[in-house]
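Trainee: Structure below; questions to follow.
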Amino acid sequence: GSIEQKRIGEAEFEWTGGEVVMAVAYDTPIPGYGTRTTLNLRLWAAMPTHEFDMNQFNQGNYQGSVEARQRSENITRVLYPNDNTTLGKELRLRQQYLLVAATLADVVNRFRHTKRPITELSELVGMQLNDTHPALGIPELMRILVDIDGLDWDVAWGIVIKVFFYTNHTVLPEALEKWPVSLIDHLLPRHMMIIYEINSRHLQAVEKIWPGNIEVMEELSIIEEQPEKKVRMANLAVVGSAYVNGVAAI
């Protein structure tokens, strides 16, 4: 896809083009033991917006006629696909984003039905990031609040950091999730733009606490510069959450 600025001089952008995939909800009721309470577990499956390409079929390209369906369904065919290959990494990032985007769209849509202003979202909504896999929810919610609802960046960020809570599963550097900047920029250009802006403001705050300390800034930055530019998802989750907890001491 591509990014278009809505109005010259304004920090509002529109993400256009790209691939459109439909997320279909599957609900499972979870009854509580010994209570009359039942909660709903909502899972998502990726489906194409067009299942069959008749033009491709009539041209004899039978495989191509269902390629869009197969490509879309592959996103959620296997949870946490192997990411040892370039294609595997791309599929895994596509899966993470679809699950995050579908969930946030559902949550925000339910909130809109309350008729309360979007600025009160954090009063009714809280989302737990169980490890870094759903951390893309932070830039996705910023995209919704800034690009769709037209909120000022600072107002939107104030909402985001009250909505999310992060559970860290490890502090071992080699186990922390990182995504190449080039891959995110290719698949999610608006989100990469938002992550850069989050990091810029974050580093300004770091500079005020540790002025001139380049080593601290490099360590706390959301962007890892060497040997390849990558987004540190744990750093993003910490910066964008109200509270952080861990599952074990190491």
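Where a number appears in this text, it was derived from the coordinates with a stated rule and is not lab data. Note that the structure is predicted; figures quoted are calculated from it, not measured. All Cβ positions, glycine included, derive from the backbone under ideal geometry; neighbour counts span all protein chains shown.
Trainee: Springs between alpha-carbon atoms under 10 Å, Gaussian network over the chain: tell me which of MET217, MET47, MET142 tops the mean-square fluctuations.
Mentor: Maximum among the listed residues: MET217.
Trainee: Can you give me the distance in nm between label points at THR28 and LYS208, each placed 7 Å from the Cα along the Cα-to-Cβ direction?
Mentor: 4.6
Trainee: May I ask you to list the GluC sites (Glu not before Pro) in region 141-250 that are in a DSSP loop and have at most 13 other Cβ atoms within 10 Å of their Cβ?
Mentor: On the way: sites: GLU174, GLU177, GLU197, GLU207, GLU215, GLU218, GLU219, GLU224, GLU225, GLU228; in loops: GLU177, GLU225, GLU228.
Loop-located and lightly packed - GLU225, GLU228.
Trainee: What's the Cα-based Rg to Rh of region 171-248, Rh via Kirkwood?
Mentor: Result for region 171-248 is an Rg/Rh of 0.97.
Trainee: Scan [x] 41, 25, 14; [y] 31, 24, 21; [z] 31, 22, 17 for the value of semi-axes √(5λ) of the Cα gyration tensor in Å calculated from this model and give just the label.
Mentor: [y]
Trainee: Given the -39500 (n - 2.57) contribution per DSSP H run of 4+ residues, what per-residue ellipticity at 222 nm results for the chain, rounded to the nearest 500 deg cm²/dmol?
Mentor: About -12500 deg cm²/dmol.
Trainee: Please tell me the relative contact order of the chain in percent, rounded to the nearest whole number, where contacts are Cα pairs under 8 Å and at least six residues apart.
Mentor: Relative contact order of the chain: 16 percent.
Trainee: If you don't mind, there's one more thing I want to ask. Modelled label-to-label distance, THR170 and ILE3, 7 Å Cα→beta-carbon offset: nm?
Mentor: 3.1
Trainee: Just in region 104-173: which trypsin sites (Lys or Arg not before Pro) are loop by DSSP and have at most 15 other Cβ atoms within 10 Å?
Mentor: LYS115
Trainee: If you don't mind, another one. In the chain, which whole DSSP H runs stretch at least 20 Å along their own axis (Cα) and average -1.0 or higher on the Kyte-Doolittle scale?
Mentor: 86-112, 189-209
Trainee: May I pose another question? Quote the charge dipole size of region 103-250 about the Cα centre in Debye, to the nearest 20; the model charges only the Cβ of Lys and Arg (+1) and of Asp and Glu (-1). Working shown, then result.
Mentor: Values: 13 positive and 20 negative charges, 107 e Å.
Result for region 103-250 is approximately 520 debye, rounded to the nearest 20.
Trainee: Highest GNM mean-square fluctuation, the chain, Cα pairs closer than 10 Å: which of THR76, THR132, THR37?
Mentor: Of THR76, THR132, THR37, the Gaussian network model singles out THR37 as fluctuating most.
Trainee: So what is Rg over Rh here for region 70-111, counting just Cα atoms and using Kirkwood for Rh?
Mentor: A ratio of 1.09.
Trainee: Using R₀ = 30 Å, calculate the FRET efficiency as 1/(1 + (r/R₀)^6) where r is the Cβ-Cβ separation of LEU79 and GLU19; round to 0.05.
Mentor: After rounding to 0.05, the efficiency reads 0.90.
Trainee: Ok, one more. What chymotrypsin sites (Phe, Trp or Tyr not before Pro) in region 117-190 are in a loop by DSSP, with at most 16 other Cβ atoms within 10 Å of the Cβ? Could you put the intermediate results ahead of the total?
Mentor: Details: sites: TRP153, TRP157, PHE164, PHE165, TYR166; in loops: none.
Answer by residue number: there is no such site.
Trainee: If you don't mind, another one. For the residue pair TYR243 and LYS89, what label-to-label distance in nm results when each label sits 7 Å from Cα along the Cα-to-beta-carbon direction?
Mentor: Label-label distance for TYR243 and LYS89, simple model: 3.6 nm.
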